[in-house]
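K.L.:
Would you mind keeping the following structure in view while I ask a few things?
All of the numbers you see were taken from the coordinates with simple rules; none came from a lab. As the structure is a prediction and not an experimental result, all values here were calculated from the model. Heads up, the Cβs are rebuilt from the backbone with ideal geometry, glycines too, and the neighbour counts pull from every protein chain shown.
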Amino acid sequence: MNVMCSAIQVALPTVGEAAVTGPLAAHVETCMPCKGEVLRYRTMYRELNDLDRARYRAPSGHAAAVMNGLGPVAVPMHESRMDHRVPVAAAAVVATAAAGTAVLFKLYRDHAA
Amino acid sequence: MERERVESLQPQELIEKAKLGDRDAFGQLVARHQHEVFTLAVRLMRDRDLAADVSQDAFVRAWRAMPKFRGDAKFSTWMHRITVNTAWTHRAKHKRVRLDPLDSLASEPEAATLDPVRAGEAASASPTIEAALMQLSFSIRSVVVLKDVYGWSHSEIAEHLDISVTAAKVRLHRGRKELRHLLDGLQDGAQ
């Protein structure tokens, strides 16, 4: 195994499905073991890709178990937003009232002085 | 009658109804996606019982998060993300109960006995590659599965597995190399 063969060994798991390029590609053309290695990696990537379409059957009763474990109904988005609006509005009223009181108090003190 | 009506709905209609808390609509989504989610869970957990727990938990999490589903990604992609996060949580919990430092050496025969749901498709996928995948450690296998089977990007993998992009790349490189050698061993053994 020469330096180029070692470089191929490092490159193939890195490039994935892409082809090796440049001097490495030229080397593969002339080296039978490397050509075989490229082919084996290519087959491996194709088989991994194919797994995406393979499905395995969930155990019987799986969907029923999911539905039994759902718990309370999910809160719809608009209700969730409404829930947040009330405390936010209340906080805004309190903050405005506090600021107004502070200003009035300062004016009263300035006036008294 | 109501169930029949829900069964005939398009995916987008089911999602909209489920977002509003419609259990029948969500049940239909579960029925349509359960095998796909279970398959991913098996590939991550390497154990049929754990995978069933993970996929059930993933659907429960999805139900709770339905109002937040914006539809930027497909429902199946969203479910995959939730499944990966759930598997990660289960894995951490499981690790606390049963320490398994030699994870990479353990092999679960369970996965080899799974029944393919669509015989034609599953038959086209190599049982050898599935068996080889199951021999990788969880941390390596999850990266290889998400990248080379489900086509996730390095950054998506890094984000969902809570690792750096560099770590994801390093694990992927190591995983592919290990897988390549495992395949040699399995094919030699089969001959």
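K.L.:
Taking the number of other C-beta atoms within 10 Å as the exposure measure, put A:Cys5, A:Cys31 in order starting with the fewest.
P.N.:
Numbers: A:Cys5 14, A:Cys31 17.
Placing the least packed residue first, the sequence is A:Cys5, A:Cys31.
K.L.:
What does the C-alpha gyration tensor say about the overall shape of chain A? Classify as rounded when a/c is under 1.5, otherwise prolate if a/b is larger than b/c, or oblate.
P.N.:
oblate
K.L.:
In which sequence would B:Asp162, B:Asp148 go, from the one with the fewest C-beta neighbours within 10 Å to the one with the most? Don't jump to the answer; show the numbers that get you there.
P.N.:
Values: B:Asp162 9, B:Asp148 24.
Least crowded to most crowded, the residues run B:Asp162, B:Asp148.
K.L.:
In straight Cα distance, which lysines are under 21 Å from B:Lys19, not counting same-chain residues fewer than 8 positions off?
P.N.:
Hits, sequence-local ones excluded: B:Lys68, B:Lys74.
K.L.:
Just want the ordering: B:His181, B:His33, from fewest to most Cβ atoms lying within 10 Å of their own Cβ.
P.N.:
Numbers: B:His181 10, B:His33 23.
Ordered from fewest to most neighbouring Cβ atoms within 10 Å, B:His181, B:His33 come out as B:His181, B:His33.
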